[in-house]
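Q: Right, I'll just put the structure down here and ask away after.
Bear in mind these aren't lab numbers, they're just calculated from the coordinates by the rules spelled out. Keep in mind that this is a model prediction, so the values were computed, not measured. Ideal geometry is used to build each Cβ from the backbone, glycine not excepted, and the neighbour counts take in all protein chains shown.
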Amino acid sequence: MILNDDSVTLIKERVGLYPRHKSAILPALTIAYHQVGHLNDDVYKEISKIIKVPYVEIAEAATFYTMFPKESVGKYLVQVCHNISCALLGADSLVEYLEQKLDIKKGETTKDNLFTLVTVECLGSCATAPMMQINQDYHENLTCEKVDRILEELRAKG
Amino acid sequence: MFYSPVITNAAEVAQSEKLHLFRYVEDPEQVKIGTYETHGGYKAWKKALTSMKPGEVIDEVKKSGLRGRGGAGFPAGMKWSFIPKDSPKPRYLICNADESEPGTCKDRVLMERDPHAVIEGMAIAAFAIGCHLMFVYIRGEFNHSIDRMQAAVKEAYEKGHLGKNVYGSGYDLNMVVHSGGGAYICGEETALLNSLEGERGMSRIRPPFPAIEGLYACPTIINNVETLASVPHVINHGADWYKTLGTEKSPGSKIFSLSGHVKRPGNYEVELGFNLKKLIYDPAYGGGILGDKKVKGVIPGGSSTPFLTADMIDVNLDYESLTEAGSMLGSGAVIVFHEDTCIVWVILKLIHFYRHESCGKCTPCREGTGWLEQIIRRIEQGKGIPGDIEMIEDVCGNILGRTICPLGDAAVMPIQSSIKHWRDEWQYHIDNKKCLVNTGFEFK
């Protein structure tokens with residue numbers, strides 16, 4: 001089993017909230033993603049058994065939503081918004097700065113498997129641009145200094 | 001707990017007798033139900049449920065002229081009245097919190113800082129349409145909004161504002177906080193319905209409209225977060241009071257998300273009809289342009305709305321004035337860019353977004369946004385060829401009005417408007433293989 005007891009319990013709770021089981025697919029995928037860090041066929045199969053919806057329907061939905069990485073990523077998934085409001089305040093050069101600090105290119109993972117760097121579409125943080133999301137957390141009004149501090153803290157945590 | 005650092009004009013709103021949405025959003029205690037109740041919270045829900053008939057609630061909201069704050073501006077009360085009165089099927093209310101139109105960051109603030117206001121507005125709307133199970137569909141990345149809403153829903157159940165036999169009225173009302181998958185398209189109401197049913201978020205052909213056949217093929221109303229958060233104020237103070245705010249055709253107040261090259265980006269609640277130039281330059285709001293540069297253009301209502309040029313910004317922010325100016329109020333996301341911004345670069349950012357977010361159901365949008373990105377990217381990279389502008393116009397013309405949902409139109413309208421306003425600059429970019437202005441926004 002990939003999903004732990006907590007995740008299974010959470011998913012089962014969700015199923016009971018909806019008139020139809022299928023509606024629990026997205027919440028279940030989200031719970032799995034938060035635990036595992038990415039989604040794959042094995043996860044879909046486990047969810048399928050828990051919420052009693054055919055595997056293919058889980059996979060069909062999951063592959064539509066780009067929020068869920070479908071391959072293994074680093075412990076910290078660094079997602080930089082590169083849409084217009086953030087770009088006007090230097091999001092492109094923020095990506096370059098992160099590439100330099102992490103010594104990887106966009107789309108890559110550091111050798112210690114700690115950080116994966118990606119760009120994402122608008123995260124609704126336009127008046128606090130530029131911004132990035134690392135795992136579940138938003139980091140807004142970014143400056144070089146702030147980015148340095150955030151990366152240091154995460155490296156120290158390991 | 002997490003608190004978004006976004007600037008608001010809560011202090012001004014607290015002084016005002018009329019503005020209401022942002023009155024308590026700088027009070028960290030407002031998220032707690034006790035504080036919300038002390039501030040008059042859940043009075044409107046109790047009033048509606050215990051002293052009004054559903055039809056009276058609909059009439060009051062209709063009379064208030066409250067229009068949808070998500071983008072389309074459709075009158076909320078009228079939408080509710082489309083629910084068939086004789087249908088034996090369950091009815092559903094969905095709060096659309098899939099906020100993802102570039103530039104828009106207002107619903108998130110309401111959910112994070114005043115979640116009970118959203119629940120109260122939803123409850124009133126649910127009662128008006130005879131719904132006993134309501135959903136808030138929150139985009140998946142908004143983890144903090146989801147947590148806040150879940151905590152608030154739990155409190156509302158504990159205090160008897162939700163659940164069985166609310167206020168002893170015999171009316172049952174349950175609520176589910178649903179997390180989405182971060183797809184822009186799911187803010188479109190029929191795609192949202194598919195997504196909530198566990199399908200891929202692809203739009204549906206209308207008719208049937210959701211009010212007739214929506215979630216699980218049952219009558220369904222979908223309203224934006226800000227629209228619903230406005231409802232308790234309409235019920236508390238009445239439609240006549242609400243209409244004293246704003247303009248005749250655009251009553252009420254609205255939150256504008258101001259972003260881009262302004263000194264004080266933030267979320268500002270103002271009356272509809274507020275002057276855009278004032279919003280950008282007044283020290284109480286935007287405070288002017290970074291580096292005191294000149295404005296080049298403004299996107300007034302989210303990335304899907306046509307541009308305003310510098311000489312057009314002395315305009316009032318209401319549905320009718322912006323339509324007259326050739327644009328739209330949209331979601332109220334005002335994106336400002338200054339003179340050192342290449343228009344081709346701006347458009348490349350936008351079309352990349354729409355290409356990524358196109359659900360792929362309709363050929364014109366799926367293929368067209370891809371072609372547009374390729375052509376625009378080559379122009380931006382200095383590889384444009386004569387005829388590219390005409391080709392862009394041709395592709396745009398073949399997307400506009402030819403798709404099931406408005407995403408295709410949304411992708412096209414800013415492009416067409418940019419060519420209309422800055423055609424010379426597009427041509428310069430192709431002829432000289434470089435930007436007319438030196439665009440390079442440094443992150444510091």
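Q: Suppose we filter region A:132-157 for residues that are in a loop (DSSP other than H, G, I, E, B) and either over 24 Å from A:I84 (Cβ atoms) or small (G, A, S) (or both); how many remain?
A: Keep residues of region A:132-157 that are in a loop (DSSP other than H, G, I, E, B), which gives A:135-136, A:140-143.
Among the residues that remain, those that are also either over 24 Å from A:I84 (Cβ atoms) or small (G, A, S) (or both) are: A:135-136.
So the count comes out to 2.
Q: Which of the residues spanning region B:115-173 are among the basic types (K, R) and free of Cβ contacts under 8 Å to residues at least 12 places away in the same chain?
A: Filtering region B:115-173 down to residues among the basic types (K, R) leaves B:139, B:148, B:154, B:159, B:164.
Passing the criteria: B:K154, B:K164.
Q: On the basis of being in a helix (DSSP H, G or I), of a type in the set (A, V, I, L, M) and within 28 Å of B:S303 (Cα to Cα), does B:A211 make the cut?
A: So B:A211 fails the test.
Q: Would you pick out the residues in region A:1-58 that are touching a His at 6+ places or on another chain (Cβ under 9 Å), of a type in the set (S, T, Y) and under 23 Å from A:D137 (Cα atoms)?
A: A:S7
Q: For region B:63-112: of the residues being touching a residue at least 24 places away in the same chain (Cβ under 8 Å), away from every other protein chain (no Cβ under 14 Å) and among the charged types (D, E, K, R), which is farthest from B:Q150 (Cα to Cα)?
A: Residue satisfying both the conditions and the ranking: B:K63.
Q: Having 3 or more residues that are charged (D, E, K, R) is the bar; report the helices (runs of 4 or more DSSP H) wholly within region B:96-183 that clear it. It would help to see each step written out before you state the result.
A: Numbers: elements: B:107-113, B:115-129, B:143-158.
Once the helices (runs of 4 or more DSSP H) in region B:96-183 are filtered for at least 3 residues that are charged (D, E, K, R), what remains is B:107-113, B:143-158.
Q: Out of the residues in region B:260-284 that are closer than 23 Å to A:N83 by Cα and more than 11 Å from chain A (Cβ to nearest Cβ), state the one that is farthest from the chain's Cα centre (by Cα).
A: First, pick out the residues of region B:260-284 that are closer than 23 Å to A:N83 by Cα: B:260-268, B:276, B:279-280.
Narrowing further to those that are more than 11 Å from chain A (Cβ to nearest Cβ): B:263, B:276, B:279-280.
Values: B:K263: 23, B:L276: 18, B:L279: 18, B:I280: 19 Å.
Per the stated criteria, the residue is B:K263.
Q: Between a first residue in region A:69-97 that is touching a residue at least 12 places away in the same chain (Cβ under 8 Å) and more than 8 Å from chain B (Cβ to nearest Cβ) and a second residue that is hydrophobic (A, V, I, L, M, F, W, C) and assigned to a helix (DSSP H, G or I), which pairs have beta carbons less than 7 Å apart while being 6 or more apart in sequence or on different chains?
A: Note: pairs meeting the criteria are A:Y76/A:L154; A:V78/A:L98; A:V80/A:A91; A:V80/A:L94; A:V80/A:V95; A:V80/A:L98; A:C81/A:A91.
Q: With the condition kept exactly as written, say whether any residue in region B:389-403 is within 14 Å of chain A (Cβ to nearest Cβ), closer than 30 Å to B:G187 by Cβ, out of contact with any Phe, Trp or Tyr (no Cβ under 9 Å at 6 or more places or on another chain) and not in a loop (DSSP other than H, G, I, E, B). It would help to see each step written out before you state the result.
A: So in region B:389-403, the residues within 14 Å of chain A (Cβ to nearest Cβ) come out as none.
No - not one qualifying residue is present in region B:389-403.
Q: Within region B:352-376, can you find the residues that are within 14 Å of chain A (Cβ to nearest Cβ), part of a helix (DSSP H, G or I) and either within 20 Å of B:Y428 (Cα to Cα) or basic (K, R) (or both)?
A: Applying the first criterion (within 14 Å of chain A (Cβ to nearest Cβ)) to region B:352-376 yields B:352-361, B:366, B:369, B:373, B:376.
Filter again for part of a helix (DSSP H, G or I), leaving B:352-357, B:366, B:369, B:373, B:376.
Hits for region B:352-376 are B:R355, B:R366, B:E373, B:I376.
Q: Does region A:98-113 contain at least one residue that is farther than 23 Å from B:L258 by Cα and within 10 Å of another protein chain (Cβ to nearest Cβ)? Don't jump to the end; show me each part of the working.
A: Restricting attention to region A:98-113, the residues satisfying the condition of being farther than 23 Å from B:L258 by Cα are A:98-113.
From the residues that got through so far, the ones that are within 10 Å of another protein chain (Cβ to nearest Cβ) too are A:98.
Yes; the residues of region A:98-113 include at least one that is farther than 23 Å from B:L258 by Cα and within 10 Å of another protein chain (Cβ to nearest Cβ).
Q: Ok, one more. Given the conditions (1) over 30 Å from B:K383 (Cβ atoms); (2) in contact with a strand residue (DSSP E or B) (Cβ under 8 Å, 6 or more places away or on another chain), report the number of the one that B:F307 does not fulfil.
A: (1)
Q: Moving on to the next point. Being in contact (Cβ under 8 Å) with a residue 24 or more places away in the chain, within 20 Å of the chain's Cα centre (by Cα) and either crowded, with 19+ Cβ neighbours inside 10 Å or closer than 16 Å to B:S303 by Cα (or both) is the requirement here; does B:L350 meet it?
A: Values: in contact (Cβ under 8 Å) with a residue 24 or more places away in the chain: yes; within 20 Å of the chain's Cα centre (by Cα): yes; either crowded, with 19+ Cβ neighbours inside 10 Å or closer than 16 Å to B:S303 by Cα (or both): yes.
Criteria met by B:L350.
Q: While we're looking at this one, here's another question. Considering only region B:126-167, how many residues are within 30 Å of B:D86 (Cβ to Cβ), away from chain A (no Cβ under 13 Å) and under 23 Å from the mean Cα position of the chain (by Cα)?
A: Number of matching residues: 3.
Q: Let me ask something else. Among (1) assigned to a loop (DSSP other than H, G, I, E, B); (2) crowded, with 24+ Cβ neighbours inside 10 Å, which single condition is B:D314 missing?
A: That leaves (2) as the condition not met.
Q: Looking at A:L39, is it within 9 Å of chain B (Cβ to nearest Cβ) and crowded, with 22+ Cβ neighbours inside 10 Å? Write out each step before concluding.
A: Numbers: within 9 Å of chain B (Cβ to nearest Cβ): no; crowded, with 22+ Cβ neighbours inside 10 Å: yes.
No; evaluated as a whole, the condition is false for this residue.
Q: Is it fair to say B:A191 is more than 24 Å from A:M67 (Cα to Cα) and among the small types (G, A, S)? Show your work before the answer.
A: Details: more than 24 Å from A:M67 (Cα to Cα): no; among the small types (G, A, S): yes.
No: the conditions fail for B:A191.
Q: Please specify each residue of region B:184-208 satisfying the condition of being assigned to a helix (DSSP H, G or I) and within 14 Å of chain A (Cβ to nearest Cβ).
A: Here is the first cut: in region B:184-208, the ones assigned to a helix (DSSP H, G or I) are B:184-187, B:189-196.
Listed by number, the residues that qualify are B:Y184, B:I185, B:C186, B:G187, B:A191, B:L192, B:L193, B:N194, B:S195, B:L196.
Q: Just to check your reading of the model, which residue among B:S304, B:S327, B:S257, B:S250 is polar (S, T, N, Q), buried (at least 17 other Cβ atoms within 10 Å of the Cβ), touching a residue at least 40 places away in the same chain (Cβ under 8 Å) and farther than 29 Å from A:A87 by Cα? Steps first, answer last, please.
A: Numbers: B:S304 fails: farther than 29 Å from A:A87 by Cα; B:S327 fails: farther than 29 Å from A:A87 by Cα; B:S257 fails: farther than 29 Å from A:A87 by Cα.
Only one candidate passes the filter, namely B:S250.
Q: Kindly provide the set of residues from region A:113-157 that are over 21 Å from A:G74 (Cβ atoms) and acidic (D, E), ordered by number.
A: Residues satisfying the conditions are A:E140, A:E145.
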